[in-house]
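Colleague: I'd like to ask some things about the structure below.
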Amino acid sequence: MSKETMRAIRLHEFGGPEVLRYDVVPIPQLEPGEVLVRAHAVGINPPDWYLRDGYKMLPPEWRPAVPLPVIPGTDVSGVVEAVAPDVRELSVGDAVFGMIRFPSFGESSAYAEYVAAPASELARKPARVDHVLAAGAPMAGLTAWQFLIELGHDHPNAVQPMTHRPVPLGAHTTVLVNGAAGGVGHLAAQLAKWKGARVIAVSSGAHESFLRELGADEFIDYAKTPPEDVVRDVDLVVDTVGGPTTGRFLRTLKPGGALFPVFPLGFSGAEEAAKNGFTVSATQVRSSGSQLAELGRLLDGGTVRVAIDSTFPLADARRAHERAARGHIRGKIVLTVP
């Protein structure tokens, strides 16, 4: 390869993990406000395989047009290699992490050796956190942050007319996290504990000790006990699985409680929610360097930690996606960049 080219994973067609190709491509050119990051690690997230599949999980009228070939991925941790002339907040040599250009579908391009990123979407990497851990944090951490702590943006929401508003958390609140061992779930549980809430973690039995170590006050193995059959008077349910089954958690709420499905499509309990004064709300996570900096301080201090399910070299992105397809992920899957 020349000094103008790099290795990257690209999609030339939509499909299963087998369509991920390890290509030689040009190193991206900087636009105003951007920095060039030499990637050390890249986080994997559900939108990566939604893109790879051609967004089949969305209704046809919602599927964005994505020009091929395209480099997938949003989450990166690395070192600044170059900066645009107008960038003042970052310098060459800074270690940074971030979620890049989300949700501008098909334009984030993080599965690569070099990533051009808006400086405003990056934060300095926590000094006590390595690149693999940092790469696992951005999308999952920002999703949990914007659902639970602060929305931090005023973009309209395609799935609901109202603006999402986090529920105030403290010692007086009980939060149930469904899918608590996953990427968003394990960070949401920790953020709720940081705010002083009592946390009920729902996951498979294999993750009980892991979630109790993260601070869960109560654990429910969904394979043995449906949580909606035994839990009542919860202030907030964060359902990181979501989809058509999320309405079952309405019966766990106290009057005036809230259900936040991370994937809200398919929810059919609007009438029941309105009748009981429940709030059902979701939001689309957005890139934010400033919020990531706040999360980074919690990571640096050990208040919140990122769990790593597995790592794969960038060239083996296909195997990483195959691992994701098997499910029961504990924390995050990360690609390492040589």
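The values are calculated or read from the model by the stated rules, or taken from the named source; none is laboratory data. Since the structure is predicted, the reported quantities are computational estimates derived from the model, not experimental observations. Counting neighbours? That spans all protein chains shown, and the Cβs are built from the backbone with ideal geometry, glycine included.
Colleague: Look at region 1-42 and say how many of its residues are under 25 Å from Arg124 (Cα atoms) and in a loop (DSSP other than H, G, I, E, B).
Modeller: Counting residues in region 1-42 that are under 25 Å from Arg124 (Cα atoms) and in a loop (DSSP other than H, G, I, E, B) gives 7.
Colleague: Here's another thing I want to ask about it. I need the helices (runs of 4 or more DSSP H) fully contained in region 243-331, keeping only those with at least 2 residues that are farther than 22 Å from His40 by Cα.
Modeller: 270-275, 317-326
Colleague: Right, here's the next one. Pairs, please: C-beta under 8 Å, at least 6 apart or cross-chain, first residue under 20 Å from Tyr114 (Cα atoms) and in region 34-53, second among the basic types (Lys, Arg)?
Modeller: Close Cβ pairs satisfying both conditions: Gly43/Lys332; Ile44/Lys332.
Colleague: Restricting attention to strands (runs of 3 or more DSSP E) lying wholly within region 43-156, give those where 3 or more residues are crowded, with 20+ Cβ neighbours inside 10 Å and assigned by TED's automatic domain parsing to the domain that holds Ile9.
Modeller: Correct list: 75-83, 95-99, 114-118.
Colleague: Next question, about the same structure. Within the set of pairs 6 or more residues apart or between chains, which connect a residue that is aliphatic (A, V, I, L, M) inside region 70-89 to a residue that is modelled with pLDDT under 95 with Cβ atoms less than 6 Å apart?
Modeller: Close Cβ pairs satisfying both conditions: Val70/Gly106; Ile71/Ser109.
Colleague: Run down Glu271, Glu294 and say which single residue is of a type outside the set (Val, Ile, Thr), over 19 Å from Phe147 (Cβ atoms) and not assigned by TED's automatic domain parsing to the domain that holds Asp53.
Modeller: Glu271
Colleague: Can we say Asp229 is in contact with a helix residue (DSSP H, G or I) (Cβ under 9 Å, 6 or more places away or on another chain) and closer than 20 Å to Ala307 by Cβ?
Modeller: no
Colleague: Hey, another quick one. Look at region 227-245 and say how many of its residues are touching a residue at least 40 places away in the same chain (Cβ under 8 Å), more than 17 Å from Ala188 (Cα to Cα) and surrounded by 16 or more Cβ atoms within 10 Å (Cβ to Cβ).
Modeller: Within region 227-245, residues that are touching a residue at least 40 places away in the same chain (Cβ under 8 Å), more than 17 Å from Ala188 (Cα to Cα) and surrounded by 16 or more Cβ atoms within 10 Å (Cβ to Cβ) number 2.
Colleague: Something else now. Tell me whether region 7-29 contains one or more residues that are surrounded by 18 or more Cβ atoms within 10 Å (Cβ to Cβ), at pLDDT 95 or above and over 26 Å from Ile333 (Cα atoms).
Modeller: Among the residues of region 7-29, not one is surrounded by 18 or more Cβ atoms within 10 Å (Cβ to Cβ), at pLDDT 95 or above and over 26 Å from Ile333 (Cα atoms), which makes the answer no.
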